[in-house]
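The values are calculated or read from the model by the stated rules, or taken from the named source; none is laboratory data. Nothing here was measured: the structure is a model prediction, and the numbers come from that model. Because the Cβ atoms are built from the backbone with ideal geometry, glycine has one as well, and the counts that use them run over all protein chains shown. Surface areas here come from the heavy atoms of the whole protein model, side chains and all, with no ligands, DNA or RNA. Shrake-Rupley method; radii C 1.70, N 1.55, O 1.52, S 1.80 Å.
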Amino acid sequence: MRVKRARLALFLAAFAVLWPSPTPAQTQCANPAAQIVRIANRVEHKVASATVFMPATLNLNVCEGDSIRAGDRSRATIAFLDRSVVLTIEQNTEWVVRRPSDPTRSLIELIRGAILFFTREPLEVQTPFVNANVEGTEFLVRVEADRTLISVFEGRVQATNPMGSLTLTSNQSAVAAKGQPPQLQVIVRPRDAVQWALYYQPLLADDSLEKLDQIPEGKRDARFYVRRSAALLRVGRLDEARADIKQALTRDPNDGEAYALSAVIAVALNDRTEALNNGREAVKRSPKSAASRIALSYALQSNFELEAARDELLLAVMDQPNDARAWARLSELWLSLGYLNRAEEAAQKAASLAPEEARANTVLGFAALARIDTTEARTAFERAIALESDSPLARLGLGLAKIRRGDLDGGRRDIEIAAALSPDDPIVRSYLGKAYFEEKREPLPGTQFELAKQLDPNDPTPWFYDAIRKQTLNRPVEALEDLQRSIELNDNRAVYRSRLLLDDDLAARSASLARVYGDLGFENLALVEGWKSINADHSNYSAHRFLADSYANLPRHNVARVSELLQSQLRQPINTTPLQPELAESNLFI
């Protein structure tokens, strides 16, 4: 018996050595306040009871009293779990989650660095020189050695310190120096201050900045600077990346991939002409480079030339048949053009070549979403996020998948994260506005739709959804104008436009337009628009439903009404809005 006890003690001692107790960063509290949803490079976390920082991990819970800091050339995004609050932190930033005196508010202490706030709920930010009280807005706070800067992009923020207070509204900025009250500061383009938070499309394989910096100066050729600039863009260091691109072209003026990275930067900054020029220059100098053709495809798509963008990728996979990123990008373009089967085939090819390719999983997720297979879609999107946590498109897809499963609150949170990951993405803003509309959170939907229209005036999505919103608010004339505008723009899609996500495009727009005509008393025009919807897409259930609504108001059209109602019921998704009670039929003449 003693021998057995001794062996047991020895085993437990060995187990303790091989399986150490959790570190402070691994310790989780019972009621976490937030969660880390994006990590780029070196981000650290310290629990309230600890004295040292530990490396943070994706999906790590953050509790009251915990501290987060991002190192040099790093950034992170943190989403609060029970509130519409998302924070994106810049490099060399440290902040603490504090316990608020008012439980309806969140309290954050920003010690140093910068945070881009995306919040729709009451929030207080404490800094060494000024405090910001917020009721739901998007704004930037930067703490420097002797002052605090605040820029408001949308909403209202009150800046207060012992010397005075100041209320800021959209597109206003203020500075609070040490020992002075906050004062307005004129900034011509305030959004330029958050270029570090933008999402720049990845073109090249991931490289470690730490390892690249260890390469001696004498061995740094053009290829080195191209690789490092790509790695710098992954963490939002735009100015440093541009400097490296310049160094690369100095050493090799014919390096096409340097121009490709410049094209990606121009797309992110919505400079379409510059993007196209750099993309074409990239292909001209490196015609066999998949990265060059991928960059040109982004530039062409931003200029609404989807077929030309697809053709560039067809050439890319022909020249580089084993390039997974090229196949993944091709699948994305097939999806944007409405070719679901081809999109899936290309995505499967990319996944077979490189299972870690996040973009391929994202396309597979949208393809599953189009088939109403929300379980498979959610799995694909979650896998894509695990591979590339800063992908706004994967996070948008996950949000849409959750909403289609009935989880409106969870889906809206994911779309808010997508907006924080890519603040200037108009398609994300459109779907965020739609989510707010479904939650009946006026005036938030209209704000998001207007922002989407400003970011991309040629995208039909916000015009379409805003028309539906205005119709429900009994503003049919404005709704009609917006719907007509969305039809005019129907085939103009910039980056990440997909026919599969715009409620069946022309048919849905015509059906909605017809309903607006009906509200305005133009019943005959409504019938014409309903017939146009059916001709545009006979499988569109909303068009059949509208015709059933229209025939209900006409005498001797009962058979036609029932026929359209039956076709609508047969074609509509299971989780769609149910038919109106007055149109329900227990016997459809069958």
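What to note about this one:
- Residue that is farthest from VAL283 (Cα to Cα) [pool: residues in region 235-251 that are touching a helix residue (DSSP H, G or I) at 6+ places or on another chain (Cβ under 8 Å), open to solvent by 40 Å² or more (accessible area, probe 1.4 Å) and of a type in the set (D, E, K, R)]: GLU240
- Members of region 334-366 that are free of Cβ contacts under 8 Å to residues at least 40 places away in the same chain, small (Gly, Ala, Ser) and assigned to a helix (DSSP H, G or I): ALA343, ALA346, ALA347, ALA350, ALA351, SER352, ALA358, ALA360, GLY365
- Test: SER352 is in contact with a strand residue (DSSP E or B) (Cβ under 7 Å, 6 or more places away or on another chain), small (Gly, Ala, Ser) and surrounded by fewer than 24 Cβ atoms within 10 Å (Cβ to Cβ): no
- Once region 408-433 is narrowed to residues that are charged (D, E, K, R) and at pLDDT 90 or above, the residue that is farthest from the chain's Cα centre (by Cα) is ASP409.
- From the options GLY446, GLY410, GLY399, GLY433, residue that is surrounded by fewer than 24 Cβ atoms within 10 Å (Cβ to Cβ) and touching an Asp or Glu at 6+ places or on another chain (Cβ under 9 Å): GLY446
- In region 303-317, the count of residues that are open to solvent by less than 10 Å² (accessible area, probe 1.4 Å) and over 29 Å from PRO457 (Cα atoms) is one or more.
- For region 40-52, the tally of residues that are part of a loop (DSSP other than H, G, I, E, B) and modelled with pLDDT of 95 or more stands at 0.
- Test for LEU232: is it touching a residue at least 60 places away in the same chain (Cβ under 8 Å), in a helix (DSSP H, G or I) and open to solvent by less than 10 Å² (accessible area, probe 1.4 Å): yes
- If you filter region 364-385 down to residues that are of a type in the set (Lys, Arg) and within 20 Å of LEU58 (Cβ to Cβ), you find that the one that is surrounded by the most Cβ atoms within 10 Å (Cβ to Cβ) is ARG378.
- For first residues located in region 384-400 and within 11 Å of GLY365 (Cα to Cα), partners that are of a type in the set (Asp, Glu) and part of a helix (DSSP H, G or I) and lie 6+ apart or on another chain with Cβ distances below 6 Å form the pairs ARG395/ASP414; LEU398/ASP414.
- Subset of region 209-220 that is acidic (Asp, Glu) and within 35 Å of the chain's Cα centre (by Cα) - its residue that is surrounded by the most Cβ atoms within 10 Å (Cβ to Cβ): GLU210
- Subset of region 129-145 (residues that are in contact (Cβ under 8 Å) with a residue 40 or more places away in the chain, over 16 Å from ARG83 (Cβ atoms) and out of contact with any Pro (no Cβ under 6 Å at 6 or more places or on another chain)): PHE129, LEU140, ARG142
- Residue tally, condition over 12 Å from GLY446 (Cβ atoms) and not aliphatic (A, V, I, L, M), over region 466-483: 4
- Residues that are in contact with a helix residue (DSSP H, G or I) (Cβ under 8 Å, 6 or more places away or on another chain), of a type in the set (Gly, Ala, Ser) and more than 15 Å from LEU421 (Cα to Cα), drawn from region 38-92: SER49, ALA50, ALA56
Every residue, every condition in (1) surrounded by 18 or more Cβ atoms within 10 Å (Cβ to Cβ); (2) modelled with pLDDT under 90; (3) touching a strand residue (DSSP E or B) at 6+ places or on another chain (Cβ under 7 Å), yes or no:
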{"site": "GLY155", "(1), (2), (3)": "yes, yes, yes"}
{"site": "ALA159", "(1), (2), (3)": "yes, no, yes"}
{"site": "LEU166", "(1), (2), (3)": "yes, no, yes"}
{"site": "ASP207", "(1), (2), (3)": "no, yes, no"}
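- Output for region 471-494, where each listed residue is within 25 Å of the chain's Cα centre (by Cα) and either surrounded by fewer than 20 Cβ atoms within 10 Å (Cβ to Cβ) or at pLDDT 75 or above (or both): ASP482, LEU483, ARG485, SER486, ILE487, LEU489, ASN490, ASP491, ASN492
- Test: residue in region 181-201 that is open to solvent by less than 10 Å² (accessible area, probe 1.4 Å), at pLDDT below 95 and more than 25 Å from the chain's Cα centre (by Cα): no
- Residues that are at pLDDT 90 or above and over 27 Å from ILE39 (Cβ atoms) are absent from region 390-407 altogether.
- The set of residues from region 454-467 being open to solvent by 50 Å² or more (accessible area, probe 1.4 Å) and part of a helix (DSSP H, G or I) comprises GLN454, TRP463.
- Of the residues making up region 432-446, those that are over 20 Å from LEU398 (Cβ atoms) and part of a helix (DSSP H, G or I) are LEU444, PRO445, GLY446.
- Put simply, of ASN341, ASN322, ASN361 the only residue that is touching a helix residue (DSSP H, G or I) at 6+ places or on another chain (Cβ under 8 Å), surrounded by fewer than 24 Cβ atoms within 10 Å (Cβ to Cβ) and polar (S, T, N, Q) is ASN322.
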